[in-house]
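Peer 1: Here it is: the structure, laid out below.
The values are calculated or read from the model by the stated rules, or taken from the named source; none is laboratory data. Source: prediction; values computed, not measured. Quick reminder, even Gly has a Cβ in these numbers, built from the backbone with ideal geometry, and neighbours come from all protein chains shown.
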Amino acid sequence: MNKKQIEIPMRKLHNYAYGMVLGVEDFKQEQSYFIDRMKLHNRMLHGYGTVAGLEVSSSEDTAKSILVKAGMAIDPEGNEIMLPSAVQCPFPENGEEAYLVLYWAERETDPVPVPGAGSEGDQTVPSRVEEYAILKYEADQVGAKHAGVVLARLKKVRGKWKLDKKFRARRVKAK
């Protein structure tokens, strides 16, 4: 029997010690470690799709938009997407078929002054990263499946947009 073990490195986590000098990259790596683990957990244990809520509805005949109820989804990357309140979405402007897709996104916000950060004296840098949801129509669901969660399929019937009642949004796996 071979008693030699094979070690496969997976990831590194900070090992803090009293008096240790930490920089911006240390904190970014710490954040990335936990975010990446959460996303891996979501992908491997739950998959992607809607978790709760996010039902799509419209009133028949006179509808000019659809309503997406509040809820949560996990995208194919493992990002958690929250829709904290219901959102009214106008119908697509053109086409005969459309898919309403929920995407996760982030942006830097809340600039604060940082002395000497730039080559020309003081400048500002974003102090926060805001996560947000995007609802967007796509012409097909193939590309959308790689980055978002398809919530509904709409079809134009006699010149009016209608929700396809046969379409079922993907749900995360129940374990």
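Peer 1: Test VAL125 against the criterion of being more than 30 Å from GLY159 (Cα to Cα), aliphatic (A, V, I, L, M), in a strand (DSSP E or B) and modelled with pLDDT under 90, and give yes or no.
Peer 2: Here the answer is yes, as VAL125 does meet what is asked.
Peer 1: Given the residues ARG128, ARG153, which is the only one that is crowded, with 18+ Cβ neighbours inside 10 Å and not hydrophobic (A, V, I, L, M, F, W, C)?
Peer 2: Testing whether each residue is crowded, with 18+ Cβ neighbours inside 10 Å and not hydrophobic (A, V, I, L, M, F, W, C) leaves just ARG153.
Peer 1: Now, a different point. Suppose we filter the stretch 79-98 for residues that are modelled with pLDDT of 95 or more, assigned to a strand (DSSP E or B) and touching a Phe, Trp or Tyr at 6+ places or on another chain (Cβ under 7 Å); how many remain?
Peer 2: So the count comes out to 1.
Peer 1: Can you tell me which residue within the stretch 1-60, out of those that are surrounded by 11 or more Cβ atoms within 10 Å (Cβ to Cβ) and of a type in the set (Ser, Thr, Tyr), is farthest from GLN88 (Cα to Cα)?
Peer 2: Step by step, filter the stretch 1-60, then rank; the result is TYR33.
Peer 1: While we're on this one: Which residue out of GLU55, GLU30 is of a type outside the set (Val, Ile, Thr) and under 30 Å from SER127 (Cα atoms)?
Peer 2: It is GLU30.
Peer 1: Next up: Can you work out which of the residues in the stretch 86-103 that are without any contact (Cβ under 8 Å) to a residue 40 or more places away in the chain and closer than 13 Å to LEU135 by Cα is surrounded by the most Cβ atoms within 10 Å (Cβ to Cβ)?
Peer 2: ALA86
Peer 1: Within the stretch 140-175, how many residues turn out to be over 22 Å from LEU45 (Cβ atoms), more than 20 Å from the chain's Cα centre (by Cα) and either of a type in the set (A, V, I, L, M) or modelled with pLDDT under 85 (or both)?
Peer 2: Qualifying residue count, the stretch 140-175: 3.
Peer 1: Let me ask something additional. For a quick check of your reading of the model, give me the residue pairs whose first member lies in the stretch 62-85 and is of a type in the set (Lys, Arg), whose second is in a loop (DSSP other than H, G, I, E, B), with beta-carbon atoms closer than 7 Å and at least 6 apart or on different chains.
Peer 2: Listed pairs, sorted by first residue: LYS64/PHE91; LYS69/LEU54; LYS69/GLU55; LYS69/ALA86.
Peer 1: Is it the case that some residue within the stretch 135-147 is over 18 Å from LYS69 (Cβ atoms), polar (S, T, N, Q) and part of a strand (DSSP E or B)?
Peer 2: Among the residues of the stretch 135-147, not one is over 18 Å from LYS69 (Cβ atoms), polar (S, T, N, Q) and part of a strand (DSSP E or B), which makes the answer no.
Peer 1: Taking TYR18 and the conditions (1) modelled with pLDDT of 90 or more; (2) closer than 25 Å to GLU106 by Cα; (3) not basic (Lys, Arg), which numbered condition does it fall short on, given that it satisfies the others?
Peer 2: Only one criterion is unmet by TYR18, namely (2).
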